[in-house]
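This report refers to the structure that appears directly beneath it.
The values are calculated or read from the model by the stated rules, or taken from the named source; none is laboratory data. These figures come from a predicted structure and were not determined experimentally. Heads up, the Cβs are rebuilt from the backbone with ideal geometry, glycines too, and the neighbour counts pull from every protein chain shown. Just so you know, the surface numbers come from the protein's heavy atoms only, side chains and all, with ligands and any DNA or RNA stripped out. Shrake-Rupley method; radii C 1.70, N 1.55, O 1.52, S 1.80 Å.
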Amino acid sequence: MKPFKNGWILSESALTRYITFSILYAAQGIPEGITFFAIPAWLAMNGKSPSYIASYVAVIGIPWSFKILIAPIMDRFTFLPMGRKRPWVILGQMGLIISFLSIGFVNNPLNNLQGLMIAGFCISFFGAFQDVATDGMAVDLVPSKQQARANGLMWGTKIIGTSASLAIGTSLLNSIGFHKTINSLAIVVFLIMLVPLYCRERPGEKWMPWSLGEASKATKSIQLSNWKTIFKNLTKVVILPSSLILSISSFIIGIMYGLIDTLLPIFTVQELGWTNTKFSQVFSVMTILGGLLGMFVGGAMVDFLGKLKMMSLYLIFLAILIIGFGIFPSLWHHKAMIYGFILSYYTGYTFLCISIFATAMHLCWKTVAATQFTLYMALSNMGRASGSGLLGPLKNNLSWEQVFFVTALAPLIMLFMIRYINFLKHKKSIKAFVKISPVTLDSN
């Protein structure tokens with residue numbers, strides 16, 4: 001890393017980029033661990049029905065679908081002297097801190113579904129806001145050859161942040177209560193805000209609005225100045241065959257994410273008889289292991305064997321794993337079986353996300369990169385919210401075994417679709433749109 005008196009320059013150091021983006025992703029994981037996992041397990045432990053819990057999870061997942069509305073605003077408006085996306089990252093982090101504190105003010109949270117939904121919705125909104133800004137900054141600054149490794153580190157640290165938040169949050173929920181738990185974890189999110197405050201995107205930019213500095217030539221060359229150009233360029237690249245395939249596939253695989261994430265706290269607590277503390281401990285340990293493998297192995301495997309090949313292998317693995325788990329309900333009460341399933345699923349899930357993110361970055365056109373990348377992620381989150389909402393109706397009409405079988409359809413459908421993604425043809429199509437400067441095309 002190359003230090004200077006006001007921080008580090010992200011464009012000049014791969015190590016600085018890896019550390020910065022990893023920490024920002026960990027910050028997203030902290031509130032997610034509480035809202036998406038600890039609270040549902042806590043509700044299940046206190047006898048709330050699968051439909052009740054699934055409704056809560058589905059609602060707090062909705063803002064992640066709003067990312068596609070946020071991204072064009074970030075592409076269109078920014079304060080270039082501080083970088084294209086860094087001002088938005090700082091603003092998103094501030095909103096995340098404030099909204100995270102807000103859930104601590106919900107009265108009688110165990111029996112106040114509406115209050116939990118509203119507060120969780122706000123947390124998810126600013127979590128999605130910060131996620132869009134961070135992703136946009138990563139697409140701008142991370143070269144193609146570093147994308148898989150960067151995504152491995154980013155997604156791995158997010159899972160570690162989520163898992164640590166779940167384990168610590170559950171312990172605190174049971175010992176010091178709901179409100180003090182939220183306040184304690186909000187302090188950690190606040191401290192992480194110091195990271196984007198300390199860094200700059202490129203040399204010569206302002207540290208703060210009142211500091212000395214100016215916009216770099218690189219940011220000026222790819223900044224779009226009107227809505228018409230943004231949406232015209234976005235439409236051009238999104239309707240390309242490979243982009244359409246990834247968009248639809250992202251929604252489908254998101255359904256799997258939502259179903260598994262929502263059913264696990266309910267299934268382990270109400271079907272297997274676990275406590276919410278045991279669920280949080282097992283889930284945290286297993287997902288942290290998966291996150292660590294993703295950080296240090298997942299990205300390297302994608303780099304070595306290729307994005308699409310590894311994505312296909314991960315999808316096959318997850319489909320077989322989920323079907324296999326559903327086939328043997330008599331083994332569900334064996335610790336090795338359930339521990340192995342959680343570890344295997346979240347390791348495969350982490351590796352799959354890394355390959356999907358790297359593929360999405362590879363398909364992005366830099367002029368609308370934040371919006372385009374966010375579109376893929378928003379569709380995945382729409383699928384996730386849909387999957388969470390589907391759990392209630394599915395469980396009311398099907399057995400747990402059948403729910404697992406239905407879930408396994410998602411990776412199988414995506415496996416079939418991604419066979420038609422063609423990076424070379426996609427790149428040629430982008431080049432044919434208009435004469436673009438080398439800075440704009442970069443690694444596409």
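Compared with the direct C-alpha span, the chain from residue 15 to residue 114 gains 31.3 nm at full extension, assuming 0.36 nm per residue. When the Cα positions of 188, 415, 141 are compared along the charge dipole of the chain, 141 comes out farthest toward the positive end, with charges on each C-beta of Lys, Arg, Asp and Glu. Accessible area per residue for the chain is 38 Å², calculated with a 1.4 Å probe on protein heavy atoms, without ligands, DNA or RNA.
Mind running the shape call on the range 381-422? Use the C-alpha gyration tensor, a ≥ b ≥ c as the square roots of the eigenvalues: rounded below 1.5 for a/c, prolate if a/b tops b/c, oblate otherwise. Judged from the Cα gyration tensor, the range 381-422 comes out oblate (a/c at least 1.5, b/c at or above a/b). Here residue 288 sits with roughly 50 square angstrom of accessible surface, probe radius 1.4 Å.
Comparing 16, 229, 287 in a Gaussian network model of the chain, where Cα atoms under 10 Å apart are tied by springs, the biggest mean-square fluctuation is seen for 229. Computed from backbone phi, the HN-Hα couplings of the range 254-262 come to x, 4, 4, 4, x, 5, 5, 4, 7 Hz, rounded to whole numbers (Karplus: 6.51 cos²θ - 1.76 cosθ + 1.60, θ = phi - 60°; Gly and Pro given as x).
Given +1 on the Cβ of Lys and Arg, -1 on the Cβ of Asp and Glu, and no further charges, what dipole in debye does the range 283-426 carry about its Cα centre, rounded to the nearest 20?
The dipole magnitude comes to about 240 debye.
For the range 39-52, putting each phi into the Karplus relation 6.51 cos²θ - 1.76 cosθ + 1.60 with θ = phi - 60° gives couplings of 5, x, 5, 5, 5, 5, 4, 9, x, 6, 6, x, 5, 4 Hz, in residue order, rounded to whole numbers and with x for Gly and Pro. Go through 170, 382, 244 and say which Cα lies farthest out towards the positive end of the charge dipole of the chain; charges sit on Cβ, +1 for Lys and Arg, -1 for Asp and Glu. It is 244.
Between 317, 351, 251, the GNM of the chain built on Cα springs shorter than 10 angstrom shows 317 fluctuating the most.
Here the range 23-82 exposes an accessible surface that is 74 percent carbon and sulfur, computed with a 1.4 Å probe and the other protein chains kept in place.
Estimated at 0.36 nm per residue, the fully extended path between residue 198 and residue 419 surpasses their Cα-Cα distance by 75.3 nm. Quick one: if the Förster radius is 56 Å, what FRET efficiency do residue 77 and residue 335 give, using the C-beta to C-beta distance and rounding to 0.05? E between residue 77 and residue 335, to the nearest 0.05, is 0.60. Amide H contacts of residue 8 (H built 1.01 Å from N, in plane; Pro and chain starts excluded): 199, 200 sit under 5 Å, all sequence-distant by 5 or more or on other chains. Multiplying the residue separation of residue 281 and residue 91 by 0.36 nm and removing their Cα-Cα distance gives an extension gain of 65.1 nm. Using only side-chain charges placed at the Cβ, +1 for Lys and Arg and -1 for Asp and Glu, the dipole size of the chain relative to its Cα centre rounds to 1360 debye. When each of the peptides 416-427, 97-108, 339-350, 386-397 is scored by the mean number of other C-beta atoms lying within 10 Å of its residues, the order from highest to lowest reads 339-350, 386-397, 97-108, 416-427.
Each peptide in 18-28, 170-180 receives the mean, over its residues, of other Cβ atoms within 10 Å, and ordering these scores from highest gives 18-28, 170-180. Residue by residue, the range 200-207 carries 3J(HN,Hα) couplings of 10, 6, 9, x, x, 7, 6, 7 Hz when phi is fed to the Karplus relation 6.51 cos²θ - 1.76 cosθ + 1.60 (θ = phi - 60°); x denotes Gly or Pro. Taking a straight line from the alpha carbon of residue 307, these lysines sit under 17 Å away, with near neighbours fewer than eight places off in the same chain left out: 145, 425, 427.
Helical content of the chain, expressed as a calculated mean residue ellipticity at 222 nm, amounts to -24000 deg cm²/dmol (DSSP H runs of 4 or more residues, -39,500 (n - 2.57) each, divided by residue number, nearest 500).
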